[in-house]
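Colleague: Let me begin by handing over the structure; questions about it come next.
The values are calculated or read from the model by the stated rules, or taken from the named source; none is laboratory data. It should be emphasised that the depicted structure is a prediction, and the values quoted were computed from it without experimental measurement. So basically every Cβ, Gly included, is an ideal-geometry build from the backbone, and we count neighbours across all protein chains shown. Accessible surface is based on the protein model in full, side chains and every heavy atom, while ligands, DNA and RNA are left aside. Shrake-Rupley method; radii C 1.70, N 1.55, O 1.52, S 1.80 Å.
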Amino acid sequence: MPRVTQDHLDARRRQILDGSRTCFTRHGYEGATVRRLEEATGLSRGAIFHHFRDKESLFLALAEDDAHRMAEVVAEQGLVQVMRDLIAAPAGSEAVDHPAYWLGTRLEVSRRLRTDHEFRARWAERSQELTSATRARLSRQRAAGKLRDDVEVDVLTAYLELVLEGLVSHLARGLSAEAMGPVLDLVEDSVRRHRSSD
């Protein structure tokens, strides 16, 4: 029997995550039944759960993967860019690699954090990457003289994370993303250092 290569295993895992993202986005956590996961991934339950212990482990891996991708954007462009990516989805977009697909996962994470204490404990172990990336980016911006210096970096980090949660809630209610561009301009401007004109 031929050995399965690591590249094959990695590609299969990516296939499962991408298909599951679509399924969780369309149907929510509870609605993402095993049958729907099989349809979305094109794989059998045996193949899916060979890579992931159960549905919750799959969802956590997906949320962790999305948080990692978001952290990469934060490291290079900041948390406001993550928010801009969330509102930039083309109407009816189904591309699993589009950043707006983070929204579906993020909505499910937020909902489950409120209602599921076990999930909250498991997610707490995995959720620090985005906060750490935001804090590090703001510290670099401060060192470069681009960030306001009258507010602590931890406070600015919490502020931007709160704005992100508010934007996710706004989009979850089906409200317009179009009007959010100028709001995000204001948020970005509020953390910048403004030089006084003497």
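Colleague: Which residue pairs have Cβ atoms under 6 Å apart, sit 6 or more places apart or on different chains, and have a first residue in the range 38-63 that is touching a residue at least 40 places away in the same chain (Cβ under 8 Å) and more than 13 Å from GLN15 (Cα to Cα) and a second that is of a type in the set (S, T, N, Q) and not in a loop (DSSP other than H, G, I, E, B)?
Modeller: That search, which allows pairs on different chains as well, returns ALA63/THR105.
Colleague: Kindly provide the set of residues from the range 5-33 that are buried (at least 16 other Cβ atoms within 10 Å of the Cβ) and outside any helix (DSSP H, G or I), ordered by number.
Modeller: Listed by number, the list holds a single entry, ALA32.
Colleague: Could you go through the range 138-152 and let me know if any residue there is assigned to a helix (DSSP H, G or I) and within 20 Å of the chain's Cα centre (by Cα). Reasoning before the result, please.
Modeller: Taking the range 138-152 and keeping what is assigned to a helix (DSSP H, G or I), we get 138-143.
If we keep only those that are within 20 Å of the chain's Cα centre (by Cα) as well, we get 138.
Yes, some residue in the range 138-152 is assigned to a helix (DSSP H, G or I) and within 20 Å of the chain's Cα centre (by Cα).
Colleague: In addition: Considering the range 158-173 alone, what residues qualify as being of a type outside the set (A, V, I, L, M) and without any contact (Cβ under 8 Å) to a residue 60 or more places away in the chain?
Modeller: TYR159, GLU165, GLY166, SER169, HIS170, ARG173, listed by residue number.
Colleague: So, one more: Go over the candidates VAL168, VAL153, VAL183 one by one and state the one that is touching a Ser or Thr at 6+ places or on another chain (Cβ under 7 Å) and either open to solvent by 60 Å² or more (accessible area, probe 1.4 Å) or more than 21 Å from ASP85 (Cβ to Cβ) (or both).
Modeller: Values: VAL168 fails: either open to solvent by 60 Å² or more (accessible area, probe 1.4 Å) or more than 21 Å from ASP85 (Cβ to Cβ) (or both); VAL183 fails: touching a Ser or Thr at 6+ places or on another chain (Cβ under 7 Å).
From the options VAL168, VAL153, VAL183, the qualifying one is VAL153.
Colleague: Still on this structure, I have one more. Please tell me if SER132 is surrounded by fewer than 18 Cβ atoms within 10 Å (Cβ to Cβ), modelled with pLDDT of 85 or more, of a type outside the set (Lys, Arg) and part of a helix (DSSP H, G or I).
Modeller: Against the criterion (surrounded by fewer than 18 Cβ atoms within 10 Å (Cβ to Cβ), modelled with pLDDT of 85 or more, of a type outside the set (Lys, Arg) and part of a helix (DSSP H, G or I)), SER132 qualifies.
Colleague: Being touching a strand residue (DSSP E or B) at 6+ places or on another chain (Cβ under 8 Å) and either within 24 Å of LEU107 (Cα to Cα) or part of a loop (DSSP other than H, G, I, E, B) (or both): is that true of LEU156 here?
Modeller: yes
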